[in-house]
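This report refers to the structure that appears directly beneath it.
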Amino acid sequence: MRLLIVEDEKELCDTIAKSLYDAGYEVDTSYNGSEALEYVLTEEYDLIVLDLNLPGIDGMDILRELRRENEETKVLILSARSQIADKVEGLDAGANDYMEKPFHLQELEARIRSLTRRKFVQRDVCLNNGDIRFDTKKREAYAKEERVPLTRKESGILEYLLLNQGRPVSQEELIEHVWDASVDSFSGAIRVHMSSLRKKLKAVLGYDPIVNKVGEGYKMREESEQ
């Protein structure tokens, strides 16, 4: 899952970003409204954590501009504005959740997990496909109830494929949602991590649970194919 944190207090922004990175997310950051709006309109994010009091462009204006172009990306407003009128305005403008400052990082992480699961109509913290299980909270993968040690990139790939079962996912889409903005889309990194992930799962399952559909992308096998 790829997130954008928009917060003008650099120390707070970096603290949030580190906490979410440690929790398994890929994170981009922005400290001002003008840069954030450019990111929002040109990059693909699964969720945006958005402050409202920003230099350059106000967070509420960023939210309204985003919603003119994109109704899918989840937005969690994180603001010191605590009046009911502010919350109502933010939610009416298209935010999916609203948290007041000060806040606890653990609660922020829990709300983000809830919002991203809601996006993919996933009600449990565990994602399942046949004998594969991935715990999105503990960031642990299991095959036939045996824990499979994965790198953070392998975990990110598996999680995204499980969230998008039933359709092929292209390399480009995986890069957009599993890597941050610094990745070179032509580096071949996705193939290296994908190959390693498939080998680890196959070693336990006895078969490759990921299908590479030429010209379309990667897809989790249906249970009838296993």
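The values are calculated or read from the model by the stated rules, or taken from the named source; none is laboratory data. Just so it is clear, the model here is predicted, and its values are computed rather than measured. Neighbour counts are summed over all protein chains in view; Cβ atoms, including those assigned to glycine, are modelled from backbone coordinates with ideal geometry. Please note that ligands, DNA and RNA were not included when accessible areas were found on the heavy atoms of the full protein model with its side chains. Shrake-Rupley method; radii C 1.70, N 1.55, O 1.52, S 1.80 Å.
Figures for the structure shown
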{"quantity": "Enumeration of residues in region 57-80 that are over 22 Å from Y25 (Cβ atoms), open to solvent by less than 60 Å² (accessible area, probe 1.4 Å) and touching a strand residue (DSSP E or B) at 6+ places or on another chain (Cβ under 9 Å)", "calculated": "M60, R67"}
{"quantity": "Test: residue in region 115-131 that is basic (K, R), surrounded by 14 or more Cβ atoms within 10 Å (Cβ to Cβ) and at pLDDT below 90", "calculated": "yes"}
{"quantity": "Matching residues in region 81-96 - criterion: being surrounded by fewer than 20 Cβ atoms within 10 Å (Cβ to Cβ) and not β-branched (V, I, T)", "calculated": "R81, S82, Q83, A85, D86, K87, E89, L91, D92, A93, G94, N96"}
{"quantity": "Meets criteria (closer than 19 Å to E26 by Cα, in a loop (DSSP other than H, G, I, E, B), open to solvent by less than 70 Å² (accessible area, probe 1.4 Å) and not charged (D, E, K, R)) for Y39", "calculated": "no"}
{"quantity": "All positions within region 141-160 that are over 18 Å from the mean Cα position of the chain (by Cα), open to solvent by less than 60 Å² (accessible area, probe 1.4 Å) and in contact (Cβ under 8 Å) with a residue 24 or more places away in the chain", "calculated": "A143, V148"}
{"quantity": "Residues of region 136-183 satisfying the condition of being among the hydroxyl-bearing types (S, T, Y), part of a loop (DSSP other than H, G, I, E, B) and either touching a helix residue (DSSP H, G or I) at 6+ places or on another chain (Cβ under 8 Å) or assigned by the TED database to the domain that holds D22 (or both)", "calculated": "T136, T151"}
{"quantity": "Qualifying residue in region 185-204 (condition: outside any helix (DSSP H, G or I), modelled with pLDDT under 90, touching a strand residue (DSSP E or B) at 6+ places or on another chain (Cβ under 8 Å) and open to solvent by 60 Å² or more (accessible area, probe 1.4 Å))", "calculated": "no"}
{"quantity": "Region 71-98: number of residues that are assigned to a loop (DSSP other than H, G, I, E, B), modelled with pLDDT of 90 or more and under 17 Å from the mean Cα position of the chain (by Cα)", "calculated": "3"}
{"quantity": "Residue under evaluation T29, criteria (1) surrounded by fewer than 19 Cβ atoms within 10 Å (Cβ to Cβ); (2) closer than 30 Å to V169 by Cβ; (3) among the hydroxyl-bearing types (S, T, Y), criterion not met", "calculated": "(1)"}
{"quantity": "Checking E173 against (1) open to solvent by 60 Å² or more (accessible area, probe 1.4 Å); (2) within 19 Å of R2 (Cβ to Cβ); (3) acidic (D, E); (4) touching a Phe, Trp or Tyr at 6+ places or on another chain (Cβ under 9 Å), the condition it does not meet", "calculated": "(1)"}
{"quantity": "Count - residues of region 1-26 that are open to solvent by less than 70 Å² (accessible area, probe 1.4 Å), outside any helix (DSSP H, G or I) and charged (D, E, K, R)", "calculated": "4"}
